[in-house]
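Here's the structure, in structure tokens; my notes come after.
The values are calculated or read from the model by the stated rules, or taken from the named source; none is laboratory data. As the structure is a computational prediction, the values presented were derived from the model and not from experiment. Here the Cβ is made from the backbone with ideal geometry for all residues, glycine too, and neighbour counts use every protein chain on show. For the accessible areas, the whole protein counts, side chains as well, though only heavy atoms, and no ligand, DNA or RNA atoms are used. Shrake-Rupley method; radii C 1.70, N 1.55, O 1.52, S 1.80 Å.
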Amino acid sequence: MFISNLLITLRSLRKNKVYSLINIVGLSAGLAACLLVAAIVIDELSYDKQWTKADRIYRTISVNNRVKGSDRFPLTFTGLGPSLKKDFPEVEDYCRMSVIGDRLKIGANSDGVAVKNLMAEASVWNFLDFKVTEGNPKKYIEGYANLIITEKFKQEHFKGQDPVGKIYYTIPEWGSPQQYLVTGVVKELPLNTHLRADVISITKYRPTDDELAKEEYGTFSTQYLLLKPGTDVNKFTAKVNNWYTKFTAPNKPGYSYLFQPFKDVYLKSDFSEAQPVHGSMRNIYIFSAVAVLLLVIACFNFMTLTTSRVFSRMQETGVRKVLGASKRQLIIRYITESVLFFCLAFVLAGLLYKVFVPYIETYMGHQLVFSAYNASFIVAAIIAVLAVSILTGIYPAWYLSQPQPITILRNQLPSGSQLNWLKKTLVVGQFVISIGIIIATLVVHYQLNYISKIDLGFDKNNLVKLEYSSWGNSGERFKQQLKQLPGIESVSITSWSPGIGAVNMSTEIPVPGQTAKIVVNHMRGDADLPAVLKVKLKSGRVFSPDLRTDNINGDSLNQLQLDGVKGKIRDSVLNSRPVIVTEYTAKLLNVKLNEKAKSVEGIPVGIISDFHNESLHFGMKPCVIDADKSNNGYILIRLKPNHPANSLTAINTLLKSIYPDKPFLYEWVGDVIDAQYKNEAKLKQLFFCFSMLIVFLSCLGLFGLITFNIQQRVKEIGIRKVLGASVAGIATMLSTDFVKLVILALAIAAPLAGYLMTQWLQDFAYRITLNWWIFGLAGLIAILIAVITISFQAIKAALANPVKSLRSE
Amino acid sequence: MIKITDLEKFYRTEEVETIALNKLSIEVKTGEFVAIMGPSGCGKSTLLNIIGLLDDPDGGSYIFNDTEVAHFNERKRADLRKHNIGFVFQSFNLIDELTVFENVELPLIYTGVAAADRVKRVEEVLDKMQIMHRRNHYPQQLSGGQQQRVAIARAVVNKPKLILADEPTGNLDSSNGNEVMELLTDLNEQGTTIVMVTHSEHDARYSHRIIRLLDGHTVMENIMI
């Protein structure tokens, strides 16, 4: 029986090629998308679950109690870990570790090799499982930072050599090179960890670092605690904060602490934008929702298309019934068919998955650890596919088994009204989803477009940034020689560069007439900064290279150990140096030219036009440029629009002639600015792909419905034609109903999508307003696509010879 | 075998009630070959459907092999049907996706005959209908006469006591039509009861008795000599 069902299904597949193709293409596209999204979601959820002690490891989090509403941050006083281990029996161990960018002087390239380095204390062996394959790296060798490389790293960079026991140097952007002694090799480090790295280095902290100051000063670091089994982390947290309050007494503690489960660090660290490897729960939800929607649409399609064939199936069903088939047997027969369709589609989806995984990995920016090609996932997927195929098949099977045998003798069609209603609901549902995602795609598109056109207040084009570094005594010489190069307009050494965020220094200042304090951003720059950025001077002057007051080296002043009167003089010099403020700042803080103002910590000598020093997610904030001739900072180079093609090479050659050991690390500021909207650009890509797929699948459903509908009206169409209806008239008559459905879908989708996209736009301080025409455009696109889909069948039906349709009666 | 008394059947639409069968009474004895004739709309197809247990009457009694079946539910009717009644249709009603062999095999599958037994019986009947050489063809690849022979093979493979034929020659030319009538006559001579609806006086002459219907009731019975 089963074999016979299978056989007959395969034959009918072959016979109805168009129907089978549409059905299988639709299903496999839906299933493939589902597989891909499932792989992503499972991969994202797998982060940091592989460590044997993952359940007991917590990251320490600080909460700043001084600033109201301040967010958590994943750094704590460096001495906290050791103190907690000393005073709390619950703490088995602590480890201060984080992943840093490093540059090793190995290989032929003079710029060395960039590595991600998991810099940790020796206790890391007690926290994470690494499989040692060479050397004895667990034994810390004093006097050096110990470096442990992976097998893959050894293969890539030390082919045929034995690096263990040898010393290598870093190429630092700052300070003098560090020595690394390679002490061992470990197997690969997992990719699915927020501590994703190429190498591990073990360093020792100074004993003074282990001390916690009750006055709450000192350095911060990322730390992890290993708690003893069975520790209740909530009670532990309360206990620690209690202890800390007593510790800082009589002062109120400026910080309190939280302990974040190791397994949550990857997905639940929205508060820590700087964490290099982090996912987002919100994305997991978006992805899962999209996967479910796609599957639902694909199943809807299958139902519509299958039930649409009821007419060509009626004769077969009737004959079988006359010959004694029971309803159960017929239902099983049609469910077998549904299962077979799903199985074929599943196999195709597996192939599509294989084709698309590399694209997904490019999109995600890293390799997926999880692969759908593993036994347990395949078994689970097969069970899921069977379940879905049976669930999806039940209604069509039940419906197809309905016709009474008598109908074949009477040549009578079953009444389709109930079925039509269901199908219309399915189609409206599909188009609500389609139009929703079209609106979302349009909104994301226009918002990104809008942002890219906003005048940032400075010119981001033809601007190159050299990485923050210590340029030493040759800094000024380097700058002057850069200016001599053909194609270079101006050069500045500055503490700020577009794209790095607000600034690296800020103060909290009370505002006249307001209760809450506001943040004032300070950037230090030399006399050339305004010219390099091309900001416009509104009044006053920019810094002059010739004035002594405009060329104070703040860094070296700060480094001097000055006490008493000398210290006071130094502070007063720093607090009365010339500053340039933006128009917005001058107005908000009510500062006047050449009047020393505490709020801007200096004497404003110039007012410049406003510029956006942060991404457009954030609104305008007060911004002050301090006159500072420091040797530390970024170098911003303004190129002429028609600069020679080899300008970058020339810069590098000059760099190497003055700083032979410095790597040439540059970025185009335009690219850096664009990168601020990387997430949004990716969301746009994602929405675009999904909207194409969803619209495509919905069209298949619509195609099924119109086919069904036309079959039902063949006789009516024939009669109308005999009576003189035109082809266009009939095609229009058939299409109108469906266009109405799409309009209904638009009416449902518009407010829904409008609400959700308004929420999304809240992430931007500068945003488009949702105009009616975006919804109109989305509706128009949907209607256009629907009409094209419908017209294939409608025109075919209208062109058919009426004699044929009437004779079949 | 069949005893129908005061049989009634109505078709209702919202406004009109049409009487298809009006207190109709007929009897068919085991081994008989009966033809039912009459103009379009006289109720002959309705009668055949009720006899074939494909439709239920609105009134009256229908005794099949000494059992009152007029009020049987769908399952009981299907069960009785698949074991006792074979059907031959004007439009053959073969399933396009099945081969000749598989079409004929279908009733045996539904009555639960074992696979080996099925092959034997299907081959036997195909042989008898002289269609064995076409066993692996699909219906579209056969001529009308061949298709009807397959349909008859399918109707008789279960060895039914009663064959109901609804205009079996309606879609055939006269030579193929005669061939089909010969086949039915043979079957009847071997003991199968046959009830046939036809428009053709020529075909009706193969039967023992003609029942003529008009407006849902019997107007005349001719005994063929």
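Quick notes on this structure:
- Count - residues of segment B:64-116 that are of a type in the set (D, E) and either in a helix (DSSP H, G or I) or under 17 Å from the mean Cα position of the chain (by Cα) (or both): 4
- Cβ-Cβ distances below 9 Å connect the following pairs, each with a first residue in segment A:314-325 that is more than 14 Å from B:F89 (Cα to Cα) and at the interface with chain B (Cβ under 7 Å from one of its Cβ atoms), a second residue that is part of a loop (DSSP other than H, G, I, E, B) and open to solvent by less than 10 Å² (accessible area, probe 1.4 Å), and a separation of six or more residues or different chains: A:A325/A:S401.
- Contact map, segment B:52-75: residues that are away from chain A (no Cβ under 14 Å) paired with residues that are open to solvent by 10 Å² or more (accessible area, probe 1.4 Å) and assigned to a loop (DSSP other than H, G, I, E, B), Cβ distance under 8 Å, separation 6+ or inter-chain. Pairs shown: B:F64/B:M1; B:N65/B:M1; B:N65/B:K161; B:A70/B:D56; B:A70/B:P57; B:H71/B:D56; B:F72/B:D56.
- Filter result (open to solvent by less than 40 Å² (accessible area, probe 1.4 Å) and facing chain A (nearest Cβ under 8 Å)) within segment B:83-97: B:F87, B:F89, B:N93, B:L94, B:I95, B:E97
- Of all residues in segment B:149-163, exactly one satisfies the criterion of being touching a residue at least 60 places away in the same chain (Cβ under 8 Å) and either more than 14 Å from every other protein chain (Cβ to nearest Cβ) or hydroxyl-bearing (S, T, Y) (or both), namely B:K161.
- Cβ pairs under 8 Å, 6+ apart, first in segment A:340-352 and outside the structural domain of A:L35 (by TED's automatic domain parsing), second assigned to a helix (DSSP H, G or I) and crowded, with 18+ Cβ neighbours inside 10 Å: none
- The one condition in (1) open to solvent by 20 Å² or more (accessible area, probe 1.4 Å); (2) at pLDDT below 80; (3) in a helix (DSSP H, G or I) that A:E273 fails to fulfil: (3)
- Breaking point among (1) open to solvent by less than 20 Å² (accessible area, probe 1.4 Å); (2) assigned to a loop (DSSP other than H, G, I, E, B), for A:K138: (1)
- Test: residue in segment A:405-427 that is modelled with pLDDT under 80, buried (at least 20 other Cβ atoms within 10 Å of the Cβ), within 14 Å of chain B (Cβ to nearest Cβ) and touching a Lys or Arg at 6+ places or on another chain (Cβ under 9 Å): yes
- Filter pass, B:L213 being within 14 Å of chain A (Cβ to nearest Cβ), assigned to a strand (DSSP E or B) and either touching a residue at least 40 places away in the same chain (Cβ under 8 Å) or closer than 18 Å to B:I85 by Cα (or both): no
- Among the residues examined, B:L164 does not qualify as at pLDDT 90 or above, buried (at least 22 other Cβ atoms within 10 Å of the Cβ) and part of a helix (DSSP H, G or I).
- Residues (open to solvent by less than 50 Å² (accessible area, probe 1.4 Å) and more than 22 Å from the chain's Cα centre (by Cα)) located in segment A:346-371: A:F346, A:A349, A:G350
- Condition met for B:E182 (in a helix (DSSP H, G or I) and more than 13 Å from chain A (Cβ to nearest Cβ)): yes
- Qualifying residue in segment A:735-744 (condition: touching a residue at least 24 places away in the same chain (Cβ under 8 Å) and either loosely packed, with under 14 Cβ neighbours inside 10 Å or within 26 Å of the chain's Cα centre (by Cα) (or both)): no
- Scanning segment A:569-628 for residues that are open to solvent by less than 20 Å² (accessible area, probe 1.4 Å) and among the aromatic types (F, W, Y) yields one hit, A:F611.
- Checking each residue in segment A:559-602 for being out of contact with any Asp or Glu (no Cβ under 7 Å at 6 or more places or on another chain), in contact (Cβ under 8 Å) with a residue 12 or more places away in the chain and among the β-branched types (V, I, T) picks out A:V573, A:I580, A:V581, A:T585, A:V591, A:V600.
- Single residue of segment A:300-313 satisfying the filter (hydrophobic (A, V, I, L, M, F, W, C) and open to solvent by less than 20 Å² (accessible area, probe 1.4 Å)) that is farthest from the other protein chains (Cβ to nearest Cβ): A:F302
- Counting the residues of segment A:665-690 that are open to solvent by 30 Å² or more (accessible area, probe 1.4 Å) and over 16 Å from the mean Cα position of the chain (by Cα) gives 5.
- Candidates B:V113, B:V125, B:V100 - the one that is of a type in the set (V, I, T) and either farther than 25 Å from A:I8 by Cα or within 13 Å of chain A (Cβ to nearest Cβ) (or both): B:V113
- Applying the condition of being among the small types (G, A, S) and within 20 Å of A:F664 (Cβ to Cβ) to segment A:103-122 and asking which residue is surrounded by the fewest Cβ atoms within 10 Å (Cβ to Cβ) yields A:A108.
- Yes/no for B:L108 being modelled with pLDDT of 85 or more, open to solvent by less than 40 Å² (accessible area, probe 1.4 Å), farther than 24 Å from B:E8 by Cα and within 14 Å of chain A (Cβ to nearest Cβ): yes
- Every residue from segment A:234-270 that is within 22 Å of A:L45 (Cα to Cα) and either part of a helix (DSSP H, G or I) or open to solvent by less than 70 Å² (accessible area, probe 1.4 Å) (or both): A:F259, A:Q260, A:P261, A:F262, A:K263, A:D264, A:V265, A:Y266, A:L267, A:S269
- Tally, over segment B:121-140, of residues that are in contact with a helix residue (DSSP H, G or I) (Cβ under 8 Å, 6 or more places away or on another chain) and open to solvent by 30 Å² or more (accessible area, probe 1.4 Å): 10
- Qualifying positions in segment A:184-208 - at pLDDT below 90 and open to solvent by less than 30 Å² (accessible area, probe 1.4 Å): A:L189, A:N192
- Among the residues making up segment B:30-45, those that are open to solvent by 20 Å² or more (accessible area, probe 1.4 Å) and either aromatic (F, W, Y) or within 14 Å of chain A (Cβ to nearest Cβ) (or both) are B:S40, B:G41, B:S45.
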